[in-house]
Amino acid sequence: MSRDPSATKASLLAAARVEFAAHGAAGARVDRIAERAGVSKERIYGYFGSKDKLFDAVLDEVVEEVMEFVGAPGKDIAAYVRRVHDFHQQQPDLVRLLVWEGMQGGGSCPNRRSRVEHYVRKNQAMAEALGLETAEDAAPFLFMFMAICSWSVVVPQVARLVLGEGIDTEDGRDRLRKHIGDFAEGGVSHVREQQSRV
């Protein structure tokens, strides 16, 4: 009995996500992905063409999940930033995949249309939320919010050193989440105040 192609593809993406998050594109093994998915290695090449294209497909899938979970920035920036923080805490794979991509690609990102369009839309939404004239003006805010929301996932050991072992408790995580949102709202309030004077 042949396996449903869409189910096979979904199994491969799920297995690849685990493998790539743990080892990056360079360190990932196609045979481990195939074994975890319960298919032959040939299926990976048949569906995706190469290991690098499979990595791209996994990243695209996770970015779509972010949009579904987080949505676009709105007037309540603190709530938006807290949603970003929650996503990274609950689904650390995206941060890990991006870190691997940066380390193994020398810091350059493939100019893939889907990712470019994703961030163009986010920058435009951020500009509207902040009352800024252009998406370019809003981009540093989006980047900064992404950074503060993901840093504790990138270097959890530093989070423990700076914030104490309590950061691993529910109370510690809640306090960090609140602080990140408050910090974002404070910065945004300052920007809005400046905009009102113009």
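The values are calculated or read from the model by the stated rules, or taken from the named source; none is laboratory data. Just so it is clear, the model here is predicted, and its values are computed rather than measured. No Cβ is skipped: glycine too gets one built from the backbone with ideal geometry, and neighbour counts run over all protein chains shown.
Before moving on, here are some points about what is shown:
- Some residue of the range 113-136 being more than 19 Å from the chain's Cα centre (by Cα), surrounded by 12 or more Cβ atoms within 10 Å (Cβ to Cβ) and of a type in the set (Lys, Arg): no
- When the range 69-92 is filtered for residues that are charged (D, E, K, R) and modelled with pLDDT of 90 or more, the ones remaining, listed by number, are ASP76, ARG82, ARG83, ASP86.
- Number of residues in the range 79-112 that are assigned to a loop (DSSP other than H, G, I, E, B), among the small types (Gly, Ala, Ser) and on the phi < 0 side of the Ramachandran plot: the value is 2.
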